[in-house]
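Student: Handing you this structure, nothing more for now.
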Amino acid sequence: MSVQFTRLIASQTSGKGSTFSVQSIDLGELGERATPVAVLDQFRVRSRPFPPHPHAGFSAVTYVLEDSEGSLRSRDSLGDDVVMGPGGIVWTQAGSGVIHEEVPAHPDRELHGLQIFVNLSSKNKLVAPQMLRLERNKMPEWRNNTGDCVRVVVGSFEGLSSPLNPVEPFTFLDVQLRHQIFFNLENPHNALVYVLKGNILARATDRLQKVPEEHALGLRGDGRVIFESSRPAHFVILSGAEIREPVVSQGPFIMSEHSQIEAAFARYRAGKMGHLLPL
């Protein structure tokens, strides 16, 4: 089975001007080929756009890009309160439900990062909530003699494995491309490629696709994908097993059935997701 490419998806801009802006990828256009990723946003923020809020049924992931001026402060109703600097990741595995808040650690410095929602399969919708995190200096890094660099944020690449282990296998690679790298996609995993800076070429068997800056490309199938660029480029690869189950989302919850959504709201109203006062 060869690797199939989806059509390109351009990011769409939204937000609140100079204090909060988002480049969003409409993953609904890709359907099940985007799973398990449910949300992919690139954000810039100087304010506190959202008060403490609940999540359940998926993992809310915030990756602080290395060029970010400021750090991320992430708090939750489990008692976690961490500051994560540029290049670090906070992976809030919401499971049965947790309340969290994420804001710039320094209001006078812009926080630049990626917000990613990774869906959980039905068997793990009610897993105990947990905050996972990994600092930049603890991420394995692969380099070659042509200047390409792959940071292994989650998962594995070329024999290197990240110490961050979510409940369901996932691969998150941060790539600084100068020439060429290879990525092996295995069925039933899907992958999303999002270009932060520059342009790249994706090759698979007889397929060739240029991916411009702030565009995403979905990959599906089984085989090797070659990523190339004649000029420096920066992109991420997000890959996980396709979830071939119904997806029902409402507000801050992603479940497999409407009854699970109702149960999540009931747990939240009853205080079973804990409590978190605003800063």
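Student: ASP108 to HIS275: FRET efficiency via 1/(1 + (r/R0)^6), r the Cβ-Cβ distance, R0 30 Å, to the nearest 0.05?
Tutor: It comes out at approximately 0.55.
Student: To make sure I understand the rule: partners must be lysines, Cα under 16 Å from the Cα of LYS210, and not fewer than 8 residues away in the same chain. Which ones qualify?
Tutor: Answer for LYS210, where 16 Å is the Cα cut-off: LYS197, listed by chain and number.
Student: Next question. For the residue pair ALA266 and ARG207, what label-to-label distance in nm results when each label sits 7 Å from Cα along the Cα-to-beta-carbon direction?
Tutor: A separation of 4.3 nm, rounded to one decimal place.
Student: Rank-order 99-105, 249-255, 160-166 by packing density, defined as the average count of other C-beta atoms within 10 Å over each peptide's residues, highest first.
Tutor: Highest to lowest by the protection proxy: 99-105, 249-255, 160-166.
Student: Quick one: helix 258-269 against the long Cα principal axis of the chain, what's the angle to the nearest 10°, folded into 0 to 90?
Tutor: 50
Student: To continue, here is another question. Compute the Rg/Rh shape ratio of segment 3-269: radius of gyration over Kirkwood radius, all on alpha-carbon atoms.
Tutor: 0.95
Student: Using a Förster distance of 51 Å, how high is the FRET efficiency between GLU69 and GLU245, based on the Cβ-Cβ distance and rounded to 0.05?
Tutor: Efficiency computed from Cβ-Cβ geometry: 0.80.
Student: Two decimals is fine: what's Rg over Rh for segment 192-279, C-alpha atoms, Kirkwood radius as Rh?
Tutor: My calculation puts Rg/Rh at 1.19.
Student: Along the Cα→Cβ direction, 7 angstrom out, place labels at SER14 and CYS149. What is the inter-label distance in nm?
Tutor: A separation of 3.4 nm, rounded to one decimal place.
Student: Taking every pair of distinct Cα atoms and averaging 1/r, then inverting, what Kirkwood hydrodynamic radius in Å comes out for segment 134-232?
Tutor: Evaluated on segment 134-232, it is 14.2 Å.
Student: Please identify which residues in segment 176-192 have an amide N closer than 15 Å to a label point set 7 Å out from the Cα of GLU158, following the Cα→Cβ vector.
Tutor: 176-184
Student: While we're on this one: In nm, what is the difference between 0.36 nm times the number of residues separating GLU214 and GLU228 and their Cα-Cα distance?
Tutor: Going from the current span to full extension adds 3.4 nm.
Student: To the nearest 0.05, how large is the calculated FRET efficiency for LYS138 and GLN180 if R₀ is 25 Å and r is the Cβ-Cβ distance?
Tutor: Efficiency computed from Cβ-Cβ geometry: 0.40.
Student: Right, something else. Any lysines with Cα under 17 Å of the LYS272 Cα? List them, leaving off those in the same chain fewer than 8 positions away.
Tutor: Partners found: LYS125.
Student: Can you pull out the trypsin sites (Lys or Arg not before Pro) in segment 41-124 whose DSSP state is coil and whose Cβ has at most 14 other Cβ atoms within 10 Å?
Tutor: ARG109
Quick note: the coordinates plus some simple rules give every number you see, no bench work behind them. For clarity, every value in this text was computed on a predicted model and none was experimentally measured. No Cβ is skipped: glycine too gets one built from the backbone with ideal geometry, and neighbour counts run over all protein chains shown.
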